[in-house]
1. At most 16 other Cβ atoms within 10 Å plus a DSSP loop assignment makes a site exposed; report the longest stretch of the chain without any exposed GluC sites (Glu not before Pro).
2. Could you tell me whether the chain comes out rounded, prolate or oblate from its Cα gyration tensor? Rule is a ≥ b ≥ c as square roots of the eigenvalues, rounded for a/c under 1.5, then prolate if a/b exceeds b/c, otherwise oblate.
3. Need the full-extension length gain, Y301 to E320, defined as separation in residues times 0.36 nm minus the C-alpha distance. One decimal, nm.
4. How about K354: which lysines have a C-alpha closer than 17 Å to its C-alpha, ignoring those fewer than 8 places off in the same chain?
5. What trypsin sites (Lys or Arg not before Pro) in the range 3-81 are in a loop by DSSP, with at most 16 other Cβ atoms within 10 Å of the Cβ?
6. Would you give the gap between the C-alpha center of the range 65-92 and the C-alpha center of the range 317-361, rounded to a whole Å?
7. Filter the trypsin sites (Lys or Arg not before Pro) in the range 200-259 down to the DSSP loop ones having no more than 16 other Cβ atoms within 10 Å, then list what survives.
8. For K275, list the lysines whose Cα falls under 21 Å from its own Cα; do not include residues on the same chain fewer than 8 positions away.
Amino acid sequence: MDIKKTALYSVHLELGAKMAPFAGYWMPIQYAGILQEHRCVRTQVGLFDVSHMGEFIVRGKNALDFLQKITINDVSKLQVNQVQYTAMCYENGGIVDDLLVYRFDDYYMMVVNAANVEKDWNWAKSHLLDDVVLQNQSDQFSLLALQGPFSRDLLQQATSLPLDDLAFYWSMSGVVADVPMIVSRTGYTGELGYELCFAPEHTEKIWHTLMAIGEPYKIEPIGLGARDTLRLEMKYCLYGNDIDATTHPLEAGLGWITKLDKPDFIGKAAILQAKNQGLTRKLVGFMVKGKAFPRHGYELYRGPQKIGFVTSGTFSPMLEKGIGMGYVESEFSNIGSTIEIDIRGKRESAEIVKTPFYQHK
C-alpha cells in the first residue's frame, strides 16, 4: 500500500522530524523530543500537522435526520457554527469511531479519525437516507492544530476574526494570513487552542506564517508522540486503544455524549440495555506509585484476581509519574482504590484517581 504524504512532508523533513507511517500517512512522531514538545504546549504554544484526519461533507434536506441516526449525540441541538463531540456505534453498542460534527449554514461536516476514514465512510454510506449527499473530502483539506496558552494571542496577529468571541467548541469562517479557512476552538490537548481547516495548497504558507509570528512565544512544531501524551493527561479517549468495536460509550465514560432521550439511533437499544442491566466494567484513570509506567495491554490485578487491562499508558511529563487508563470490573473502579499492574512479570502498585490527571494551576 502506498503511504500518503501531507502537504507538509518536506517541511517536517527539513525540521529533522522523526517520521513514521501512521494511518496511511508519513507523519512526524517527534522533533526535539516528546517531553520538550509536551511541556511547550502546556506552557507556551505548539503547532501540529493533523492533515491526516478525515472530513466528510453532509448536505441535503435529510442531512440532520441522517446524522441523528448514525451518531449518539443530539445533532438537533447544534446551532450554526457550533461543533459537537460524538460517536458512531454499531447495533450492539460497540463504537465505530468518535468524531466531531460541525454545523454550517447549509451543510454539516464530520471530522473522523485518520485510521478509520475508509471504515467510517463505508459505514456512513451504508446507512445513507434519501435526499442526503455525502462527500468524502478528506484530500481537499489540510488541518493544523495551534495549541497552548499563547495560541489566541499568536493567531490573532494573523486574522481579523474576533477570537475573543469564539467559545469552546464553536467555529468561525474567515481569513487567516490571506487564506480562507474554518477556525474552530477545538483540540486534543486540554489547552486553549484552535484547529484550522483549509485548502492544501496553502499549507506551507500558513505553517511558516504561524511559526514566524510565534517566535516571541517560543512556538515549536509538535509531533504525534506529544499529541498522545497530552491527550492522555486529560483522559481523552484514543480510538483503537481506549474505545473500539468491543466497548460501548457508557463503560468508556462517554455517557455525557450519549443522548438516550433523542429519537432512535444505531446502537441505542443495546446501550439502553447495558445501562439498565448495570455496567460490568468501567474505564478508569490510575497513577502508578513507583517509577514504572504502564503500556497498552498490561494486565490489572487486585491481589490474585485479574480485574482488567491497561488501554493507554505513559510517563506524564507534567506530573512526572506513570499514568494510565484501563477497563476494570465495576466493583473495583472506585476512586482511591489500589490496584496492581503486571509490568513484564513484576507487580507495580497504582491508585485509581480522579481525572483529568493534569489540572491547570
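1. Answer from the scan: 92-319.
2. Verdict is oblate for the chain.
3. 4.5 nm
4. Leaving aside lysines fewer than 8 places away in the same chain, those within reach of K354 are K235, K282, K289, K321.
5. Answer in residue order: K61.
6. That distance is 31 Å.
7. K218
8. K69, K259, K262
Read the figures in this text as sums done on the coordinates, not as results from a lab. Source: prediction; values computed, not measured. Note that we place each Cβ from the backbone using ideal geometry, even for glycine, and neighbour counts take in every protein chain shown.
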